[in-house]
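Read through the structure below, which is laid out as structure tokens, and then see the notes.
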Amino acid sequence: MASLAYGPPRRAADPRAVASRAATRQIQESRLARSRWTPLLVPALLLAGWEAGSATGALPASVLPAPVAVLTAGWQLTRDGTLPTNLAISASRALAGLAVGGTLGLLLGIATAISVGLRRLLDPTIQALRSVPPFALLPLIILWLGIDEGAKIALIGWSVFFPLYLNSYHGVRSVDRSLLEMGRVYGMGRTTLFRRVTLPGALPSILVGIRFALGLMWLALIVAETIAASSGIGYMANQAREFSQTDVIVLTIVIYGALGKLTDTATRAAERRLLRWNPAYGER
Amino acid sequence: MAQTASRPLVEQASGGTPIVVSGLVVAFDGPPVIDNLDLVVDPGAFVSIVGRSGCGKSTLLRTIIGLEAPQRGTITVDRDRARIVFQEPRLLPWFDVLTNVVLGAGDLPDARERAAETLALVGLSAKAHEWPTRLSGGQRQRVALARALVSQPRLLLFDEPLGALDALTRIEMQRLIENVWSRQQFTALFVTHDVGEAVMLSDRVVMMDRGRIVSDTDIPAPRPRRHGDAQLATIEGRILDLLLAGGS
């Protein structure tokens, strides 16, 4: 599964390089390269095709309802309070799981990177546990914790733990040793050294971990809510399936997508802000 | 906020502290890198150490500042008032220029005012709020020098600080270093592989080979010195001959 790979993100192409390449080509291509509407072109065409298909009857509503029908369903569910309530429940589950698993992963990753003793004590076990797919734990989690909130938070927490553990561990281990040496020789104590050198140096890697964790957080939430829940977006989708309400099913898919996009955008903004010293991220 | 104009914090001379190294042996799993070395540096003197790569000159500096542990021998030095400038600037890229200089001030009061003044001393006041990554190599090394100077050290160790700079920037940096040294009168121990640079800057040039001191030359020429001075060129030639003879 692609989303389970924790490697570094692909860098965006250098805009100057793109611009100069486009300039050497024909004019209509450089207009495509320059316009700010270009990224919206393909989604707009897909949406238009979808709407046209529904209007002509080529796409029956039982297979895929019209975009307007999805919007209407969204509006109705918002007005009667169903959507806001379930959305809030889903979001709080996701965030609770992230808070528990993410914090644990972050702290253990940093601790095992700094302390050789802790590393030898914990890292082999954590690496072994990492090879267990989170969803393989689901039967056991349900058996232990039932289908309560605890089970869902445990599944989400387990999923987000590993990317944060691995990336914060890697980040701390790869901090430039010459900077640590400089800090020591300039009289920084352990705490100051950690705060001023180790943590900022590990931050790019930690943020990569957070981005992977957020992706896995939504994935785990969907699985948890689809299999066992009596509230939340996943529950709405399940209910809709029972009553063949394709408009609500499509609505929940769109909402999951929007939530993923939202958290990804937020982390990118945080990266630009926190790593503005780094020419690879900065905007100045 | 201190009145920086009426009460300069970094201008007054701090004076130098001596270094006494005796019977020093440093080894890392193998033959000693420093082999029974004795060296006395007078307070306030500017002493350079030259030698081929691997002769132990950097290790000597790192041992004096406490980054390497000696196997044998003693080093008498006031490390609390000692600072080092490395070959790479080693600035923290996530802090702006001024904050990087402040880091050198330790627990001193008025650290930010001191840092601002020291930055002015190296001619980089205008870059105080830039990111280090946006500076040129020479500017970064000047920030590193300011970070070393801000605490008013009594001993300043230089580990080939100009090795990575272009020729013109090197000359500018040499003048800057000589200038602050003559004003603040700290002891300077300057490691370089450039004999001309060593002769230009120093009261005394010490040559190392295989962990030992093989020659020790006083440079009596008056200051300020000029590049291309005939007396300095003669001394440089003599030391270079020794260096080339020793390696073959």
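The values are calculated or read from the model by the stated rules, or taken from the named source; none is laboratory data. In this text, all values refer to a predicted model and were calculated from it rather than measured experimentally. Every residue, glycine among them, receives a Cβ derived from its backbone with ideal geometry; neighbour counts consider all protein chains shown.
Which of the strands (runs of 3 or more DSSP E) contained wholly in the range B:32-128 include at least 3 residues that are out of contact with any Phe, Trp or Tyr (no Cβ under 7 Å at 6 or more places or on another chain) and surrounded by fewer than 18 Cβ atoms within 10 Å (Cβ to Cβ)? Output list reads B:34-41, B:72-76. When each of A:SER159, A:SER205 is tested for being crowded, with 17+ Cβ neighbours inside 10 Å, closer than 22 Å to A:GLY260 by Cβ, of a type outside the set (A, V, I, L, M, F, W, C) and within 14 Å of chain B (Cβ to nearest Cβ), the lone residue that passes is A:SER205.
Only one residue in B:ASP209, B:ASP194, B:ASP159, B:ASP166 is modelled with pLDDT of 95 or more and either out of contact with any strand residue (DSSP E or B) (no Cβ under 7 Å at 6 or more places or on another chain) or in the same structural domain as B:VAL33 (by TED's automatic domain parsing) (or both). Which one? Show your work before the answer.
Numbers: B:ASP209 fails: modelled with pLDDT of 95 or more; B:ASP194 fails: modelled with pLDDT of 95 or more; B:ASP166 fails: modelled with pLDDT of 95 or more.
That would be B:ASP159, the only listed residue that is modelled with pLDDT of 95 or more and either out of contact with any strand residue (DSSP E or B) (no Cβ under 7 Å at 6 or more places or on another chain) or in the same structural domain as B:VAL33 (by TED's automatic domain parsing) (or both).
From the set of residues in the range B:144-157 that are closer than 19 Å to B:ASP80 by Cβ and either surrounded by fewer than 22 Cβ atoms within 10 Å (Cβ to Cβ) or more than 13 Å from every other protein chain (Cβ to nearest Cβ) (or both), which is nearest to the chain's Cα centre (by Cα)? It would help to see each step written out before you state the result.
Within the range B:144-157, the subset closer than 19 Å to B:ASP80 by Cβ is B:147-157.
Cutting the leftovers down to either surrounded by fewer than 22 Cβ atoms within 10 Å (Cβ to Cβ) or more than 13 Å from every other protein chain (Cβ to nearest Cβ) (or both) gives us B:152, B:154.
Values: B:GLN152: 13, B:ARG154: 12 Å.
Top of the filtered list is B:ARG154.
Residue count for the range A:179-202 under the criterion of being away from chain B (no Cβ under 14 Å) and either crowded, with 20+ Cβ neighbours inside 10 Å or closer than 20 Å to A:GLY101 by Cβ (or both): the result is 0. Residue check: is A:VAL172 within 11 Å of chain B (Cβ to nearest Cβ), buried (at least 19 other Cβ atoms within 10 Å of the Cβ), over 13 Å from the mean Cα position of the chain (by Cα) and in a helix (DSSP H, G or I)? Judged against the criteria, A:VAL172 is not a match.
Beta carbons closer than 9 Å, at least 6 apart along the sequence or on distinct chains, pair a first residue in the range A:93-111 that is closer than 23 Å to A:LEU259 by Cα and assigned by TED's automatic domain parsing to the domain that holds A:LEU199 with a second that is of a type in the set (Asp, Glu) and assigned to a helix (DSSP H, G or I) for A:ARG93/A:GLU149; A:ARG93/A:GLU225; A:ALA96/A:GLU149.
Just to check your reading of the model, which residue among B:GLU88, B:GLU113 is of a type in the set (D, E, K, R) and more than 9 Å from chain A (Cβ to nearest Cβ)?
Values: B:GLU88 fails: more than 9 Å from chain A (Cβ to nearest Cβ).
That would be B:GLU113, the only listed residue that is of a type in the set (D, E, K, R) and more than 9 Å from chain A (Cβ to nearest Cβ).
None of B:GLN141, B:GLN184 is surrounded by 19 or more Cβ atoms within 10 Å (Cβ to Cβ) and either at pLDDT 95 or above or under 12 Å from the mean Cα position of the chain (by Cα) (or both) except B:GLN141.
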